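Derivation of every value follows stated rules applied to the coordinates shown; laboratory data play no part. What you see is a predicted model; the values in this text were computed from it and never measured. Because the Cβ atoms are built from the backbone with ideal geometry, glycine has one as well, and the counts that use them run over all protein chains shown.
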């Protein structure tokens, strides 16, 4: 047989080099034998353990022997050494397991043999065996499974390791370790195929969320090495022979195995705490027994039974919690708990400080020797395994309310068990408070508060707010600090859960006000929800009463306005009579003389009146004394004294406790113009964008106080002259926009001379004792008589000429039309005189500020049509119709004429020209061309009224000459004399603008025509001129 070996030499410390590595020890043979010694390693099925218990069979049986032969060698026949230890490491095969690799086949059990034997060799350097040579260890297939030894089925192997650590005089320290493994070559693994019970336990159900207790059912968990028939029975601990079970949980029923090779299937059964008759067993410790057996080809295999203990207390109370009986009238004390089984529960209530002789009693609390009599018992049926509640209303068996205190409760429970009962094994005892406390939640007095500078408290109505935890009868008394009853406000029942409010008006029972001071409120509550000895309770608060106050006193100064008012503002806490006195500025108010009813000088102004309370009052003063005269600016002292009753009424009078005095300021100052403006009338225009300013002039101003006002129109001279009085000494109000108007005339009704003027306003105080004068003025341009909004339309074949205008006032207007080229001298006379230049006149009275159109049909005074041309017209007017002759249109010397005399041109264009530019180009030329000599002419045709410009350039683009011709008549030629014709024209003498002769060459003449009549054409042509 070939033996697998593995040598491990840990260390060898030698005294002589010749002995190095000469000592050896190894396992020569490794095998498995039956208990009788037969070698089983080469069995066709491998070595086997087939039974959990010893059966008497030779093989296979309940165990095997693991054997190893140890050989050795020495270098000197005189030397021996001992083999110290032989270890057998048993492992279970799993997929890919290597017998020599503990990492892949970790040991599940190790069996060690010590003092194995001595190595004695008669011949040096030869193999020999130890004495004795073979060493064996017995193994029954068991190993540690979760803390308990058991057996699991499968295939196993083992490693045998020989160890020595020996010190000799010849070789020194000899340390040898060598390992061999089974199965080796031609060997089969060990097979374990038994019926075994292992990894078993019994665990109770935990009941309770806060304090868990062990209760039924018990879960019985176990694993079988293979499928088997199982019995589980329960016994009293005195049944040591297990012959009298009181409960058979499993009776010859099949149960599964855990699975091979490394299964973990677990069987589970349970016990509900009852016997075979279904009765709940009493508390105690009980013994459980699991038996299992199976049969295979080797016969019946009966497992060793497994036993375990179970501690049962079937009826327990846990998770006990309480809620005290609180303040509410509907409140109840609450005790919550959890039962392990549904049962009848006894809740017994005892007086405070009750104790028991022994609470570990299996009965109700009566049997546990209480030190006091029970005052209440409550019996209810309750479910198990859920939180249940029991309530106590704080009353005894007779329904009498109990006083506040820590009462003792005792809970016990009982459930039937056949003809007997099972009680809880102990009382659940604790305290449950009754803590109703006083019925009053709070009592809070408050008074009315008014004002802000300062605020005043202690005013009626007074509010007494309180809240009751439970309904009760309430009495509220108001007393002074000596205990005398002032007023009983209420003696009635009041509800709980809301804020109750009682109100006091600050008066006694006789209706009179109380004086200022400190008072107390006594609230007496009778509580029907507590024990009789504690039903009445009194709560007292103190508060301040100060009923007559003056707050928010301040003054309003009189500023700026003659009609303005000073004011004294205040607010009374009650309706009161008041005296307000205003004194001269030199009076000093002494607060120690309050209430200032004697020894005071005569006031300049006084008011005595009754004023309502709780309202903002303003007593106005117009700044006048008792005689109605305005007082001078300054600070005027005042006093304000208020009391509860009218003088002479006979009722007790109470003065307001506030001393109100101060100053009223009068600061009118000068009259101020808050605004001032003069706005002319702007008429509507139709033909012009010019702004024309005309009368009437609107004079706007605002005064800071009512005044007497005078408005004058004055010259700008160093010594101004009044030209007009708009108003004189009229009364105007303050702080409003005053409007007065001036028509542009003098006081006599005549129009003022055009020019700049000052508009002056003088404002004076109205009072005879005060004279303040303020003046403002503004300069304006005054032109009352205007001819404006002038426009013309030329006379054409289709339409007459139109002169359009407006006049500022109704006036007699003269329109005269003169021949073209007429001018006027500095006196306005026509040049040539009208006798030879006047063509037409139009005279008439025209309305003001409306569009006026004067039409001319193009005929002269003899009604003959005039030729085309740029005629001159003149318009003038006067408001005096007699100053202008209605026939000639001439005005008399010194006549008031309008400020405007209009002189302008009026085109007459009757010639029919279809295309002005075409006509201009065809009939405009230069001759002679080429230009020989010095009399060359530009023949320039003007097809319609307009202007012509002439510019001559050389070929370099330099302008050498220019000439403008303006105001040309239509259908004519430039520089025509007499009858205009083609021979007329403008002579260019070959000179430039500087008067020098130009050089020979080609020149470009640019002629531009702009029509200024009805047509607005612009035409431009070029003519080349060759100068040889």
Please compute the length gained on full extension between residue 203 and residue 389, using 0.36 nm multiplied by the number of residues separating them and subtracting their Cα-Cα distance. 64.1 nm
Taking max minus min of the Cα coordinates of segment 506-576 on each principal axis, largest first, gives extents in Å of 79, 25, 18
Mind giving me the nanometre distance, one decimal, between the label points for residue 633 and residue 963, set 7 Å out from Cα along Cα→Cβ? 8.0 nm
I need 862, 424 ordered by Cβ neighbour count within 10 Å, fewest first. 862, 424
With R₀ set to 56 angstrom, the calculated FRET efficiency between the beta-carbons of residue 590 and residue 728, to the nearest 0.05, is 0.65
For the chain, calculate the relative contact order in percent as a whole number, restricting contacts to Cα pairs under 8 Å that are 6 or more residues apart. 5 percent
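Can you tell me how much longer the chain between residue 1004 and residue 144 gets when fully stretched, taken as 0.36 nm per residue apart minus their C-alpha distance, in nm with one decimal?
Going from the current span to full extension adds 296.1 nm.
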At 0.692 mPa s and 37 °C, Stokes diffusion of segment 635-726 via Kirkwood alpha-carbon radius, µm² per second: 163 µm²/s
Alpha carbon centre of segment 463-529 versus segment 673-716: separation in Å? 75 Å
Give me the three principal axis extents of segment 787-909 from the C-alpha atoms, as integers in angstrom, largest value leading. 36, 30, 24
From the C-alpha gyration tensor of the chain, square roots of 5λ in Å: 136, 73, 29
Intensity falloff of segment 567-667 expressed as log10 I(q)/I(0), Debye formula with alpha-carbon point scatterers, at q = 0.20, 0.22 Å⁻¹: -1.07, -1.24
Going fewest to most other Cβ atoms within 10 Å around each Cβ, 757, 309, 59 line up as 309, 59, 757
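Which value, in nm² and rounded to one decimal, describes the direction-averaged projected area of the C-alpha convex hull of segment 440-545?
7.4 nm²
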May I ask for the Kirkwood hydrodynamic radius of segment 682-781, worked out over all distinct Cα pairs and given in angstroms to one decimal? 15.0 Å
When the helix-only estimate is applied to the chain (DSSP H runs of n ≥ 4, each -39,500 (n - 2.57), divided by the residue count), what is the mean residue ellipticity at 222 nm, nearest 500 deg cm²/dmol? 0 deg cm²/dmol
At 1.306 mPa s and 10 °C, Stokes D of segment 197-312 from Kirkwood alpha-carbon radius, µm² per second: 105 µm²/s
So for segment 134-267, what are the equivalent ellipsoid semi-axes in whole Å, largest first, each being the square root of 5 times an eigenvalue of the Cα gyration tensor? 45, 21, 16
For 297, 134, what ranking results if the residue with the fewest other Cβ atoms within 10 Å of its Cβ goes first? 297, 134
What's the extension gain from residue 518 to residue 406 if we count 0.36 nm per residue and subtract their Cα-Cα distance? 36.2 nm
So, R0 is 45 Å and r is the distance between the beta-carbons of residue 615 and residue 674; what FRET efficiency does that work out to, to 0.05? 0.85
Distant alpha-carbon pairs in segment 742-834 (separation over 16 angstrom), percent: 76 percent
